[in-house]
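Have a look at the structure below, then the notes.
The values are calculated or read from the model by the stated rules, or taken from the named source; none is laboratory data. Model, not experiment: these values are computed from the prediction. Neighbour counts are summed over all protein chains in view; Cβ atoms, including those assigned to glycine, are modelled from backbone coordinates with ideal geometry. Areas reflect the complete protein model, heavy atoms only, side chains present, ligands, DNA and RNA absent. Shrake-Rupley method; radii C 1.70, N 1.55, O 1.52, S 1.80 Å.
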Amino acid sequence: AASAACQPMATAAVSATAACAATAASRERRRLAAPPLVLVGLLVAAFFGGWRQAEGFVLHAVQHRPSYLNTSSTSQDDNTSIPIAPVDLRQERLSRAGEDPLTDSSVRMSRFQYVGCFQHPMAITTSAIFGYYRDPNECIAECRGQDIYQGVSSSQLVVAVHNDPFQGRCGCALKSQIADFVEAADETESCTYRCKDYLNPYCGGFPDYWGIYMEYDQRSMSAQGAYDPWRYVWYILVTIKERTLLGRYPEEGVNPERYYLNAVDTVSGRGAFQFQTRIKGGILYGIQYDIDSTRLVCLYTDDQIGRMRVDLEWTYKLAVIYINTTNQFRPFMQLNIAPLEITEPREAVQSGALVSPFYMAYSGASAIFSKDTNVYVFTQAQWAANKPQMKDRVYIVRIPDGLIIREEPLDFKVTSLFSNQMYGDLSAIGPRTDPQSGIGKQSYVYLARVYRSSIDSAGGAASV
């Protein structure tokens with residue numbers, strides 16, 4: 001199901017980019033002439049350790065498939081089918097035999113995001129059940145099934161949930177009506193009602209506050225996605241425009257979009273809203289799930305730099321999102337950040353090798369080593385006179401304080417990083433000039449081994 005370059009992934013539960021499976025996926029698509037799709041991530045859902053060559057593993061692909069105006073057809077060759085936005089998000093188990101167009105085993109994945117607490121009269125209620133808490137996914141299905149919304153894309157729906165102590169309500173509206181909703185000034189005070197299967201206060205408040213759900217506008221490609229194999233949850237970073245949420249353009253100086261951590265149950269394809277959260281003030285890059293410590297680790301930058309403010313220099317931080325499920329019915333997502341000094345002069349680092357604070361070039365490539373070593377790996381572009389000459393610099397930093405343990409220049413641009421946590425192997429894929437022929441080739445490169453040493457590092461920290 002994957003090319004030979006993907007084999008080091010076999011013993012580590014990591015997410016990967018489309019580049020990792022491009023060879024196999026494109027070969028199967030050509031052979032079967034299947035409708036075009038884009039692999040946006042791979043999930044290593046099961047693995048067997050013990051040997052450097054794994055005995056077996058399962059790959060699940062998160063795919064962006066085209067959506068068509070004629071919903072009864074899934075063929076791009078049908079002249080009555082017109083591609084429309086948004087794309088159809090699917091999760092599918094990959095097979096060595098390729099895809100069978102007659103047997104689609106994929107699971108449709110929700111694009112709905114909890115966006116916050118809004119006030120609106122109860123007139124939007126479509127159903128109310130006494131003595132029963134409503135689940136947001138149930139309300140989404142109810143709104144989709146309303147006769148008034150037949151033929152309307154789900155991307156245009158606004159789904160509302162209100163669970164007071166006596167009855168649970170579902171409400172429906174269109175995004176074109178969002179101006180009728182008033183966002184709560186303080187969400188924690190206005191929305192206090194629980195949802196059906198979890199206690200997070202995402203389902204409204206007294207007297208007429210609603211928990212609001214809608215499909216996100218865009219997926220941020222800065223974070224390729226991360227998979228939690230213990231809870232079967234897929235995380236990505238998504239954006240929703242302020243105009244979508246307010247029904248008007250934002251005021252001068254306000255960021256034109258909001259960033260959210262989206263979570264989906266990969267088994268059912270339903271939204272895992274209890275694990276969703278808004279990312280305020282920053283953008284996440286290269287999300288990795290730490291399989292040993294139930295947390296997400298990624299790079300973080302201020303969402304004003306390079307967007308709203310051109311007078312500020314780029315600054316980088318290490319972000320750790322702890323997924324606290326001490327109370328399994330009330331998950332808590334806690335964001336901690338620590339500064340990274342990759343733009344600051346340091347001992348044994350020449351000024352010309354520093355990452356520039358004046359521009360950013362990032363592919364989203366990252367990796368994590370949590371077994372014994374507890375480090376996060378990412379790359380960033382070094383300064384170069386011309387863009388085609390830009391190469392990457394790899395950073396291995398300690399979690400959670402962001403201490404740089406090792407950094408080295410590379411002679412190519414990295415598109416994907418892979419970690420073999422069983423043995424500490426760090427490898428990469430990227431376009432690299434062959435030293436013998438001088439011809440650029442897409443290459444798989446073994447970069448380093450990350451291990452724990454009580455001799456080389458005080459306190460037994462990670463060494464490279």
Subject >> Condition broken by Lys413, with the remaining ones in (1) open to solvent by 40 Å² or more (accessible area, probe 1.4 Å); (2) within 25 Å of Met221 (Cβ to Cβ); (3) in contact with a Phe, Trp or Tyr (Cβ under 8 Å, 6 or more places away or on another chain); (4) not hydrophobic (A, V, I, L, M, F, W, C) satisfied >> reply: (3)
Subject >> Subset of segment 133-148 [assigned to a loop (DSSP other than H, G, I, E, B) and either open to solvent by less than 30 Å² (accessible area, probe 1.4 Å) or in contact (Cβ under 8 Å) with a residue 40 or more places away in the chain (or both)] >> reply: Tyr133, Arg134, Asp135
Subject >> segment 384-403, residues that are surrounded by fewer than 17 Cβ atoms within 10 Å (Cβ to Cβ) and of a type outside the set (Lys, Arg) >> reply: Ala384, Ala385, Asn386, Pro388, Gln389, Met390, Asp401, Leu403
Original post:
Of all residues in segment 239-252 being of a type in the set (Lys, Arg) and not in a loop (DSSP other than H, G, I, E, B), which is most open to solvent (accessible area, probe 1.4 Å)?
Top reply: Arg243
Original post:
Restricting the search to segment 83-110, which residues are in a strand (DSSP E or B) and polar (S, T, N, Q)?
Top reply: Gln91
Original post:
Restricting attention to segment 169-192, which residues are within 26 Å of Ile323 (Cα to Cα) and either touching a residue at least 40 places away in the same chain (Cβ under 8 Å) or open to solvent by less than 30 Å² (accessible area, probe 1.4 Å) (or both)?
Top reply: Ala184, Glu187, Ser190, Cys191
**OP:** Filter segment 316-347 down to residues that are touching an Asp or Glu at 6+ places or on another chain (Cβ under 8 Å) and at pLDDT below 90 and give me whichever is most open to solvent (accessible area, probe 1.4 Å).
**Re:** Thr343
**OP:** State whether the residues of segment 307-314 include one that is touching a strand residue (DSSP E or B) at 6+ places or on another chain (Cβ under 7 Å), under 22 Å from Arg406 (Cα atoms) and either surrounded by 14 or more Cβ atoms within 10 Å (Cβ to Cβ) or of a type in the set (Ser, Thr, Tyr) (or both).
**Re:** yes
**OP:** Identify, from the list Gly211, Gly204, the residue that is touching a residue at least 60 places away in the same chain (Cβ under 8 Å) and on the phi > 0 side of the Ramachandran plot.
**Re:** Gly204
**OP:** Output the qualifying pairs, or none if there are none: Cβ atoms under 6 angstrom, residues six or more apart or on different chains, first residue in segment 149-168 and farther than 18 Å from Phe112 by Cα, second residue aromatic (Phe, Trp, Tyr) and in a loop (DSSP other than H, G, I, E, B).
**Re:** Asn163/Tyr133; Asn163/Tyr193; Gly168/Tyr132; Gly168/Tyr133
**OP:** Give Tyr285, Tyr300, Tyr260 a once-over and let me know the one that is of a type in the set (Ser, Thr, Tyr), free of Cβ contacts under 8 Å to residues at least 60 places away in the same chain and buried (at least 20 other Cβ atoms within 10 Å of the Cβ).
**Re:** Tyr300
Subject >> Where Gly402 falls short, out of the listed (1) in a loop (DSSP other than H, G, I, E, B); (2) under 30 Å from Asp228 (Cα atoms); (3) out of contact with any Leu (no Cβ under 6 Å at 6 or more places or on another chain) >> reply: (3)
**OP:** Go through segment 325-350 and give me each residue that's of a type in the set (A, V, I, L, M, F, W, C) and more than 14 Å from Val397 (Cα to Cα).
**Re:** Phe329, Phe332, Met333, Leu335, Ala348, Val349
**OP:** Among what's in segment 362-375 and is open to solvent by 30 Å² or more (accessible area, probe 1.4 Å) and at pLDDT below 90, pick the residue that is nearest to Lys317 (Cα to Cα).
**Re:** Tyr362
Original post:
Could you list, in sequence order, the residues of segment 97-123 that are crowded, with 20+ Cβ neighbours inside 10 Å and either over 23 Å from Gly269 (Cβ atoms) or over 29 Å from the mean Cα position of the chain (by Cα) (or both)?
Top reply: Gly116, Cys117, Phe118, His120
Original post:
Given the structure, is Tyr359 under 16 Å from the mean Cα position of the chain (by Cα) and among the aromatic types (Phe, Trp, Tyr)?
Top reply: no
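Residue-wise test of (1) closer than 18 Å to Asn137 by Cα; (2) in a strand (DSSP E or B).
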site: Thr192; (1), (2): no, no
site: Trp210; (1), (2): yes, yes
site: Met221; (1), (2): no, no
site: Arg231; (1), (2): yes, no
site: Leu237; (1), (2): no, yes
site: Asn255; (1), (2): no, no
site: Arg258; (1), (2): no, yes
site: Leu261; (1), (2): yes, yes
Original post:
Among the residues of segment 432-451, is any within 23 Å of Ser220 (Cα to Cα), touching a residue at least 12 places away in the same chain (Cβ under 8 Å) and not charged (D, E, K, R)?
Top reply: no
Original post:
Could you count how many residues in segment 149-168 are open to solvent by 50 Å² or more (accessible area, probe 1.4 Å) and at negative phi?
Top reply: 5
**OP:** Check Lys280 against each of (1) open to solvent by less than 20 Å² (accessible area, probe 1.4 Å); (2) within 28 Å of Asn137 (Cβ to Cβ) and name the one condition it does not meet.
**Re:** (1)
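Output the number of residues of segment 263-282 satisfying the condition of being assigned to a strand (DSSP E or B) and within 16 Å of Glu183 (Cβ to Cβ).
Looking only at that region, the number is 1.
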